[in-house]
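Below: the structure, in structure tokens.
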Amino acid sequence: MELKDAIEGRRSIRGYKPDPVSRDLLEEIIALANRAPSSMNTQPWHFHVITGDVLDQVRKGNSEKMLAGEPPRREIEAHRAYEGIHRERQVEIAKQLFAAMGIEREDKARRQDWVMRGFRQFDAPVSVVVTYDRPLLEHGPVAIFDAGAATYGLVLAAWDRGLGAVINGQGIMQSPVVREAAKIPEDEIILTCVALGWPDEEFEANAVRSTRRDVGETASFLGFDD
């Protein structure tokens, strides 16, 4: 696949076939993601790839604690409620997804089930838990920026090979559960996770494509000849 095709064609996948993904294929994808740039070549990211019983433990613990009303326990600072244009974009994609799935605004049961899918990592056969080195915490957000670049590389490499993915902060909302099940070392900070697997083309939400601003809205150009 051409890079342009991967970037333009990629979309967040929230419904998966149960088919397993081979370790060899996952290693190929991660090898490509590892080519991401990083500050001073520090390469602060780690990918903890889980499936099977280990992933089931995470799904179960994450879901049970959230249903019980326990507060989220993520290891990075949580964002506050979005406002203004950012809230508008958040609402827009939610409307697109609910419309695709036929979930009415008044249907509280289905709306809650949709939220719980996120905590179950969308029932994907694989989850990649992304962490970064704790010693870099005092260096500010640079390591998070670098890990984000590697995570985008992971998602693009997966798409290039026919796999779908969605970067999913809900999947590590109860990070102590994830840390214990995935045996994540204490010198790493859990950042996010990526649900990954073979897309279920019959799952309606998988056809949703979020809108993007054009170049004129996101970039400014100075010093160029007209």
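Maximal additional length on extending the Met116-Asp187 stretch stands at 22.6 nm, based on 0.36 nm per residue less the C-alpha distance.
Hey, what did the chain get for relative contact order, percent, Cα under 8 Å, at least 6 apart? That works out to 39 percent.
With R₀ set to 25 Å, the beta-carbon distance separating Asp24 from Glu201 gives a calculated FRET efficiency near 0.55. Listed by chain and number, the aspartates and glutamates placed with their C-alpha closer than 12 angstrom to that of Lys60 are Asp123; residues fewer than eight positions away on the same chain are left out.
Label positions at Ser210 and Ala149, each projected 7 Å from the Cα along the C-beta direction, are separated by 2.1 nm. All distinct Cα pairs of the stretch 88-176 go into the 1/r average, and the inverse of that average, the Kirkwood radius, is 15.5 Å. Over the chain, dividing the summed -39,500 (n - 2.57) contributions of all DSSP H runs of at least 4 residues by the number of residues returns a 222 nm mean residue ellipticity of -13000 deg cm²/dmol. Of the DSSP H helices in the chain, those with a Cα length along their own long axis of 24 Å or more and a mean Kyte-Doolittle hydropathy reaching 1.0 comprise 142-160. When mean projected area of the Cα convex hull in nm² is computed from the coordinates, the matching label among [x] 14.2; [y] 15.2; [z] 12.2 is [y].
Counting neighbouring Cβ atoms within 10 Å and putting the fewest first, the residues Trp45, Trp114 line up as Trp114, Trp45.
Quick note: the coordinates plus some simple rules give every number you see, no bench work behind them. All values reported here derive from a predicted model rather than from experimental measurement. Cβ: placed from backbone, ideal geometry, glycine included. Neighbour counts: every protein chain shown.
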